[in-house]
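Peer 1: So that we are looking at the same thing, I have put the structure below in structure tokens.
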Amino acid sequence: MSAAERTALILVDIQPDFLPGGALPVPDGDAILEPVRRLLDSPCWPLRVATQDWHPPRHASFASSHPGRQPLDRIELHGHPQTLWPDHCVQGTDGAALHPDLDWRSIAAIIRKGADPRVDSYSGFRNNWGPDGTRPPTGLAGYLRERRVEAVVICGLARDFCVRWTAEDAAEAGFETTVLWDLTRPVDPASDAAVREALQHAGVRVE
């Protein structure tokens, strides 16, 4: 297999609710659309996988599910810190769709995450901690290994949450991992230095 055939492109949560005008807009998130479109047009990555936030109504990560709480409040959920979010990417809504301005026909698999109403899921590889204290896998690692993938290249939204957790879990699972920094955007731009340091500490290449 060539290096390209051993590498998968992972596009994280490029959904309308994470773009300006959406329920949980990532500042400047729409700036990645045109570069991502070029990636999808490129033959460099024969295997492309998308992740998709896919929450049921009244999800445990929604501030609206916790009376008296506001979006961006932090609570403890199943023994771990949890940021509370506006209702977003609710199953079957337009905001939860893969962004309609991109051509997704070349995507080999879509990993839907956050579908358990009790558990948030930032990473494309594993859910956040559940009531039993574990982080159950999404199946993405097994899917990639079955296709003899050794390396992953990651872009999407948001840099400081779902992209970061996906990259850290990819590296921990043994994949050579690269984040395309300019093809991500953060919820909190002030987090950039800490996120970059955390990725590099996890063995993730930042380009």
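Peer 1: Pairwise over distinct Cα atoms, reciprocal of the mean inverse distance: report the Kirkwood radius of region 111-207 in Å, one decimal place.
Peer 2: 13.6
Peer 1: Tell me the per residue accessible area of the chain using a 1.4 Å probe; a whole number in Å² is fine.
Peer 2: 46
Peer 1: In debye, nearest 20: dipole of the chain around its Cα centre with unit charges on the Cβ of K, R (+) and D, E (-)?
Peer 2: 480
Peer 1: Where q = 0.16, 0.21 Å⁻¹, what log10 of I(q)/I(0) comes from the Debye formula for region 23-83, counting one point per Cα?
Peer 2: So the normalised log intensities are -0.76, -0.94.
Peer 1: Determine the distance separating the Cα centre of region 19-42 from the Cα centre of region 57-116; give it in Å without decimals.
Peer 2: Spelled out, the Cα-based centre of one part sits 17 Å from the other.
Peer 1: Okay, next question. Assign unit charges at the C-beta atoms only (+1 for Lys and Arg, -1 for Asp and Glu), then state the dipole size of region 47-167 relative to its Cα centre in Debye, rounded to the nearest 20.
Peer 2: The calculated dipole for region 47-167 is roughly 340 debye.
Peer 1: Additional query: What does the accessible area of Arg185 come to, in Å² to the nearest 10, when a probe of 1.4 Å is used?
Peer 2: 50
Peer 1: How many percent of the accessible area of region 72-207 is carbon or sulfur, using a 1.4 Å probe?
Peer 2: Whole-percent figure for carbon plus sulfur exposure: 48.
Peer 1: Taking the Kirkwood radius as the inverse of the mean 1/r across Cα pairs, report the Rg/Rh of the chain.
Peer 2: 0.94
Peer 1: Also, I was wondering about something else. Give me the one-decimal nm value for the distance between modelled label points at Asp192 and Arg69, 7 Å along each residue's Cα-to-Cβ direction.
Peer 2: 3.0
Peer 1: Can you compute the modelled spin-label distance between Thr93 and His78, with each label point 7 Å from Cα toward Cβ, in nm?
Peer 2: About 2.2 nm separates the two model spin labels.
Peer 1: HN-Hα J couplings of region 117-134 from phi, Karplus 6.51/-1.76/1.60, θ = phi - 60°, integer Hz, Gly and Pro as x?
Peer 2: x, 8, 9, 7, 8, 8, 7, x, 9, 9, 5, 5, 5, x, x, 8, x, 10
Peer 1: Note down, for region 61-120, the three equivalent ellipsoid semi-axes (square root of 5 times each alpha carbon gyration tensor eigenvalue), biggest first, whole angstrom.
Peer 2: 28, 13, 9
Peer 1: Given bins 5 angstrom wide, list per bin the percent of all Cα-Cα distances in region 129-177, short to long.
Peer 2: Per 5 Å bin, starting at 0, the Cα pair percentages come out as 5, 19, 26, 24, 17, 7, 1.
Peer 1: Given a Förster distance of 30 angstrom, what is the FRET efficiency for Ala108 paired with Asp28, based on the Cβ-Cβ distance and rounded to 0.05?
Peer 2: The computed FRET efficiency comes out at 0.55.
Peer 1: With contacts defined as alpha carbon pairs under 8 Å and 6 or more residues apart, what's the relative contact order of the chain in percent?
Peer 2: Computed over the chain, the figure is 23 percent.
The values are calculated or read from the model by the stated rules, or taken from the named source; none is laboratory data. Everything numeric in this text was worked out from a predicted model, so none of it was measured. Note that each Cβ is placed from the backbone with ideal geometry, even for glycine, and that neighbours are counted across all protein chains shown. Surface accessibility is based on the protein's heavy atoms, side chains included, excluding ligands, DNA and RNA. Shrake-Rupley method; radii C 1.70, N 1.55, O 1.52, S 1.80 Å.
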